[in-house]
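Below is one structure, written out as structure tokens, with a few remarks after it.
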Amino acid sequence: KNQVEQSPQSLIILEGKNCTLQCNYTVSPFSNLRWYKQDTGRGPVSLTIMTFSENTKSNGRYTATLDADTKQSSLHITASQLSDSASYICVCITGGGNKLTFGTGTQLKVEL
Amino acid sequence: DTAVSQTPKYLVTQMGNDKSIKCEQNLGHDTMYWYKQDSKKFLKIMFSYNNKELIINETVPNRFSPKSPDKAHLNLHINSLELGDSAVYFCASSPSDRGGYGYTFGSGTRLTVV
């Protein structure tokens, strides 16, 4: 059964601090992995996409890593801002490309 | 310009009623989806249409019936609403039905059944 587990479930950090969100997956066949940001009351928005052969990818203050051997991914946020407060969802796409498996998300709150 | 727009944004209705949610995308994408997000924030696919053809139909009660009049629209009709149908429903689209392309989500429709 395809599963995507994320940790921590929720996280509170001070503005300006860094944080790392974790994603473990058991998805087969694996195609690619995406991190989405979902603001309250909005739909998810894609942050990064990682294919099987990629280890690291950055998008501004967001850096995603992927270890295909251990089936783990992380999303590192540097110099956090209040606007980073959101739910971050890890999504795996299976080899056929038309099936997504979503994690339950990490709820991040950035405070002053 | 809203890329994927859903209406209504909020819907409160009584058990047993029939309701519809509409979705439109102006991105020229071929594939559209309906997702359900439960109270635990877990997103689960319900349906997927590619060029008006149904390609994914997950285990969803047949009270839910999607309709795609053209590839820019995918509506969701729900009959005999139940309390457990309360959730946020997201419409999404992608250029094709292959996951290598990006997904664009709408802002969601919060359905509350009382």
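Where a number appears in this text, it was derived from the coordinates with a stated rule and is not lab data. What you see is a predicted model, and the numbers here were worked out from it, not measured in a lab. Ideal geometry is used to build each Cβ from the backbone, glycine not excepted, and the neighbour counts take in all protein chains shown.
Taking label points 7 Å from Cα along the Cα-to-Cβ direction, residue B:83 and residue A:53 give a separation of 5.4 nm. Per the Cα gyration tensor, the protein assembly as shown maps to an equivalent ellipsoid with semi-axes of 29, 21, 16 Å, ordered largest to smallest.
Pairs with C-alpha atoms separated by more than 26 Å, drawn from the list A:57/B:40; A:71/B:41; A:109/B:71; A:37/A:99; A:37/B:67, are A:57/B:40; A:109/B:71; A:37/B:67.
DSSP beta bridges confined to the protein assembly as shown are antiparallel in about 90 percent of cases. Note on the stretch A:1-58: with charges restricted to the Cβ of Lys and Arg (+1) and Asp and Glu (-1), its dipole about the Cα centre is near 80 debye.
Which one of B:70, B:97, B:30 has the biggest mean-square fluctuation once chain B is modelled by GNM with Cα springs under 10 Å? It is B:70. Applying 1/(1 + (r/R0)^6) with R0 = 30 Å to the Cβ-Cβ distance of residue B:60 and residue A:68 gives a FRET efficiency near 0.40. Ordering A:75, A:3, A:86 by Cα displacement along the dipole of chain A toward the positive end leaves A:3 in first place; charges were set at the Cβ atoms of Lys, Arg (+1) and Asp, Glu (-1).
Tell me which of B:17, B:55, B:28 sits at the most positive position along the dipole axis of the stretch B:1-73, charges placed on C-beta atoms (Lys, Arg +1; Asp, Glu -1). Highest projection toward the positive end goes to B:17.
Listing A:100, B:83 from the residue with the fewest other Cβ atoms within 10 Å to the one with the most, what is the order?
Listing A:100, B:83 from fewest to most nearby Cβ atoms yields B:83, A:100.
Charges were assigned to the Cβ only: +1 to each Lys and Arg, -1 to each Asp and Glu. The resulting dipole of chain B about its Cα centre is roughly 240 debye.
Label sites at residue A:12 and residue B:73, each approximated as a point 7 angstrom past Cα along Cα to Cβ, lie 4.7 nm apart.
Based on the Cα gyration tensor of chain B, what are the three equivalent ellipsoid semi-axes, each the root of five times an eigenvalue, rounded to whole Å and given largest first?
Ellipsoid semi-axes (Å, largest first): 23, 14, 13.
Other residues within the sphere of radius under 13 Å centred on the Cβ of residue A:12, judged by their own Cβ, net out at -1 (K and R +1, D and E -1). The stretch A:1-56 and the stretch B:1-42 have Cα centres separated by 23 Å. Exposure proxy for A:61, A:34: other Cβ atoms within 10 Å of each Cβ, ordered fewest to most, give A:61, A:34.
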